[in-house]
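What follows is one structure encoded as structure tokens, with my remarks underneath.
The values are calculated or read from the model by the stated rules, or taken from the named source; none is laboratory data. Fair warning: this is a prediction, and the values are worked out from it, not measured in the lab. For neighbour counting, all protein chains shown are included, and Cβ atoms are generated from backbone atoms with ideal geometry for every residue, glycine included.
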Amino acid sequence: MKLIRGLHNIRPRHRHCVLTIGNFDGVHLGHQAVLRRVRQYAQDLNVPAAVMVFEPQPLELFRPEQAPARLSQWREKYALMSKLGLEYLICTRFNAEFSQQPAEHFIQQVLVEKLGVKHLVVGDDFRFGRNRQGDFNLLQQAGAEFGFTVTNTESYRQSATRVSSTLIREALVRGQFVDAATMLGQPFHFSGRVIHGEKNGRKLGYPTANLALKRLHSPLHGVFAVTVSNGKEHWQGIANIGKRPTFGGEQLQLEVHLFDFHGNLYGQRLSVYPEYHIREEQKFDSLPALQAQLAQDEAAGRQWFAQRPHLFSIQATTNGQHP
């Protein structure tokens, strides 16, 4: 799958495609169904299959404090989409100027002139253009005028429940990680490269691997029992997702303490799979108080894993679902 960064990089060879547009956060099973549908339409028409996403997502630009936490980072989204048989991923820079473009201009200048879209697949609640004036009906009218067809996507359901990114976030907050994995098609996880931290955990007897989350918001906060993988090996441990208030932290960070591990992980890229919510993050009055709590957290994590020898996250990565 070729990544096209910006509308200015669309070339004549990219024209005449089947296209879908959306955020596709998490690339969950509903998204995958849409993308497979796009691929099938493209095969039927013998043209490329393409997906367009916006960076940042619109709400992150206009109301960042209200923007939902992402289920997947850009790198993970690309990796997941690349497995679905699409030819192009078009990443469009979303800014204030772009948001003020009339819907009709987007249709004519982007869909028709730049991409020469043959078929468009969108949700029936899809909105675009200045003040969100563009909708499915406008696209149908434009298609009749400019020679492309449009279909809307049906909701993907599991046990009569519509799968959505919002529902997955809610499951994560409730600690329903198996339910979230079922809707995502893989276990939810954080990924990142291990960086040097302040060594506070080591001083307390709990050395940690520190991952910079690089997220505006996190869908999870607190202390969790986790499974960790570098793609070759798996470990169990506990992780804190938060700002480390005891140490006056301000940046969102993921700190992982691996049970019975004595190696060096600096520079490695890890995937961290939350399995069980132990407690909320809190500020402690003293380091001995924090140290005592960490001992309790470790005991809770070890107990959790002792009762569950067959981890769903390890099974999923073994079955090739790891991104």
Quiz item: Any chance region 51-67 includes a residue that's in a helix (DSSP H, G or I), in contact with a Lys or Arg (Cβ under 7 Å, 6 or more places away or on another chain) and surrounded by 14 or more Cβ atoms within 10 Å (Cβ to Cβ)?
Solution: no
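Each row is one residue, and each column tells you yes or no for (1) more than 25 Å from I168 (Cα to Cα); (2) aliphatic (A, V, I, L, M); (3) not in a strand (DSSP E or B).
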| site | (1), (2), (3) |
| --- | --- |
| L220 | no, yes, yes |
| V223 | no, yes, no |
| E255 | no, no, no |
| H262 | yes, no, yes |
| L270 | no, yes, no |
| Y276 | no, no, no |
| E281 | no, no, yes |
Quiz item: Pick from T153, T182: which is polar (S, T, N, Q), modelled with pLDDT under 95, under 25 Å from L59 (Cα atoms) and surrounded by 16 or more Cβ atoms within 10 Å (Cβ to Cβ)?
Solution: T153
Quiz item: Are any residues in region 49-68 touching a helix residue (DSSP H, G or I) at 6+ places or on another chain (Cβ under 9 Å) and modelled with pLDDT under 95, and if so, which ones?
Solution: F54, E55, P56, P58, L59, L61, F62, Q66, A67, P68
Quiz item: Among the listed residues Q133, Q158, Q141, which satisfies the condition of being farther than 23 Å from I10 by Cα and more than 30 Å from the chain's Cα centre (by Cα)?
Solution: Q141
Self-check item: Hey, G222 surrounded by fewer than 20 Cβ atoms within 10 Å (Cβ to Cβ), more than 20 Å from K77 (Cβ to Cβ) and touching a Lys or Arg at 6+ places or on another chain (Cβ under 8 Å) or not
Solution: yes
Practice problem: Being touching a strand residue (DSSP E or B) at 6+ places or on another chain (Cβ under 9 Å), assigned to a helix (DSSP H, G or I) and of a type outside the set (A, V, I, L, M, F, W, C) narrows it down to one of Q109, Q43, so name that one. | Solution: Q43
Self-check item: Which numbered condition P288 misses (of (1) surrounded by 13 or more Cβ atoms within 10 Å (Cβ to Cβ); (2) part of a helix (DSSP H, G or I); (3) of a type outside the set (S, T, N, Q))
Solution: (1)
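Do we have V38 as surrounded by fewer than 20 Cβ atoms within 10 Å (Cβ to Cβ) and in contact (Cβ under 8 Å) with a residue 60 or more places away in the chain here?
For V38, the condition - surrounded by fewer than 20 Cβ atoms within 10 Å (Cβ to Cβ) and in contact (Cβ under 8 Å) with a residue 60 or more places away in the chain - is not met.
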Quiz item: Got at least one residue in region 19-30 being under 20 Å from F148 (Cβ atoms), assigned by the TED database to the domain that holds K114 and of a type in the set (A, V, I, L, M)?
Solution: yes
Quiz item: R132 passes all but one of (1) closer than 30 Å to E280 by Cα; (2) surrounded by fewer than 17 Cβ atoms within 10 Å (Cβ to Cβ); which number fails?
Solution: (1)
Quiz prompt | Selection within region 210-219 - over 13 Å from the mean Cα position of the chain (by Cα), at pLDDT 90 or above and either surrounded by fewer than 19 Cβ atoms within 10 Å (Cβ to Cβ) or closer than 15 Å to Y273 by Cβ (or both) | solution = L211
Quiz item: So N152 clears everything in (1) touching a residue at least 40 places away in the same chain (Cβ under 8 Å); (2) over 19 Å from F54 (Cα atoms) except one condition, right? Which one?
Solution: (1)
Quiz item: Would you call G85 buried (at least 16 other Cβ atoms within 10 Å of the Cβ), within 26 Å of K2 (Cβ to Cβ) and touching a Lys or Arg at 6+ places or on another chain (Cβ under 7 Å)?
Solution: no
Quiz item: What about P207, is it assigned to a loop (DSSP other than H, G, I, E, B), surrounded by 15 or more Cβ atoms within 10 Å (Cβ to Cβ), in the same structural domain as A289 (by the TED database) and under 15 Å from the mean Cα position of the chain (by Cα)?
Solution: no
Quiz item: Which pairs have Cβ atoms under 8 Å, sit 6 or more apart or on different chains, and link a residue in region 8-29 that is on the phi < 0 side of the Ramachandran plot to one that is surrounded by fewer than 15 Cβ atoms within 10 Å (Cβ to Cβ)?
Solution: L29/Q158
Quiz item: From the set of residues in region 116-129 that are surrounded by fewer than 17 Cβ atoms within 10 Å (Cβ to Cβ) and free of Cβ contacts under 8 Å to residues at least 40 places away in the same chain, which is nearest to H105 (Cα to Cα)?
Solution: R127
